[in-house]
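Data block below; observations after.
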Amino acid sequence: MTVFELSQVDSLLRAALAEDIGRGDVTTRLTVPAGVQATGTLRAKQPGVLAGLPLVARVFGLISAAVRVEERMSDGAAFAAGAVLATVAGPAADLLVGERLALNLVQRLSGVATLTRRYVEAIAGTRARVIDTRKTTPGLRALEKHAVRMGGGANHRSGLDDGILIKDNHITAAGGVAAALQAARAGAPHGLRIEIECATLAQVDAALGGGADAILLDNMSVAELAAAVRHIGGRAIVEASGGVTLETIRAIAETGVDLISVGALTHSAAAVDISMKIAI
């Protein structure tokens, strides 16, 4: 995550802090003496792959300029249970105010990176790449897609404006595969790839005839995928999607598809357990 990218999430972080703090941290105000300095240690309680750690400094920086964050690991690194990920030093009250948001972000994003790494490792040695989808947490898409990259995956389109993906409902509304492709081709900006979803070999034929750049094979069996890949014969990029799991992804990759999109990377990743303990 570059500094520029981080600056784009400040409005999100401010809103998240406002949600958590409300009119003020009553507990900390009543129990923590003013002026007390502390050091907090972010420690992993289980193994995983790190993502979102630069956000810790961003969160505490929005709370107080007096807080100093030292990152002990980098995004994309694998860590073991017990690993120290970062230390945070400054006024104890400020550390307590920012603790929950900082942990929520790193736990969530590391969960996405960790799950992605498992999918990537499951297809090692094949030509296929694991990619994400738009099934992301509203408002967190850029962060979750960063986490996918840290896990070794790649990103599909970030939004509706940066790629043409004609899906089943578009096909229905347009009047068929050929009609949808013709309309998209006529109005597409120069250089923008056109991808279309196909559920049958007949639709694949129509997609190839319409000059699709990429074909998304949706919810096909492994045998159907293999047959479709042979039929396409390199004339278009081939993406497999629908019901992909850790148990099935290897067989899907071995059919020869180029891309495998997995919604579970972002919609079903479990947060990694990370704690922050402070010492005075």
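The values are calculated or read from the model by the stated rules, or taken from the named source; none is laboratory data. Since this is a predicted model, take the numbers as computed values, not measurements. Positions of Cβ are generated from backbone atoms using ideal geometry, with glycine treated the same way; all protein chains shown enter the neighbour counts. Surface areas here come from the heavy atoms of the whole protein model, side chains and all, with no ligands, DNA or RNA. Shrake-Rupley method; radii C 1.70, N 1.55, O 1.52, S 1.80 Å.
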Please report, in debye to the nearest 20, how large the charge dipole of the chain is about its Cα centre when each Lys and Arg carries +1 at its beta carbon and each Asp and Glu carries -1 there.
480
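Please work out how much length the chain gains when fully extended from Arg100 to Ala34, using 0.36 nm per residue of separation minus the C-alpha to C-alpha distance, in nm with one decimal. Please list the in-between numbers first.
Details: separation 66, 0.36 × 66 = 23.76 nm, distance 2.04 nm.
Gain in length upon complete extension: 21.7 nm.
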Among DSSP beta bridges whose residues both lie in the chain, state the antiparallel percentage, nearest 5.
50
Could you please state how large a percent of the accessible area of the chain is carbon and sulfur, counting protein chains only and using a 1.4 Å probe?
53
Taking the dipole about the Cα centre of the stretch 148-279, with the C-beta of Lys and Arg at +1 and of Asp and Glu at -1, give me whichever of Ile194, Ala154, Ile164 is farthest to the positive side.
Ala154
Before I look further, what does the chain give for accessible area per residue, probe 1.4 Å, in whole square angstrom?
48
Can you give the charge dipole size of the stretch 189-265 about its Cα centre, rounded to the nearest 20 debye, using +1 on the beta carbon of Lys and Arg and -1 on the beta carbon of Asp and Glu?
140
Compute, for the stretch 102-234, the length of the dipole vector about the Cα centre, with Cβ point charges of +1 (Lys, Arg) and -1 (Asp, Glu) only. Units Debye, rounded to 20.
480
Under 5 Å, built H, 5+ apart or other chain: amide partners of Ala83
Ala44
Which of (1) 16.7; (2) 20.2; (3) 15.9 is the computed mean projected area of the Cα convex hull in nm²? It is (1)
For the stretch 256-273, in residue order, the Karplus 3J(HN,Hα) values (coefficients 6.51, -1.76, 1.60; θ = phi - 60°; whole Hz; Gly and Pro = x) are x, 5, 8, 10, 10, 8, 10, x, 4, 3, 10, 8, 10, 6, 7, 5, 7, 7
Name the residue farthest towards the positive end of the dipole of the chain from the options Ala212, Val112, Gln37, assuming +1 on Cβ of Lys and Arg, -1 on Cβ of Asp and Glu, about the Cα centre.
Gln37
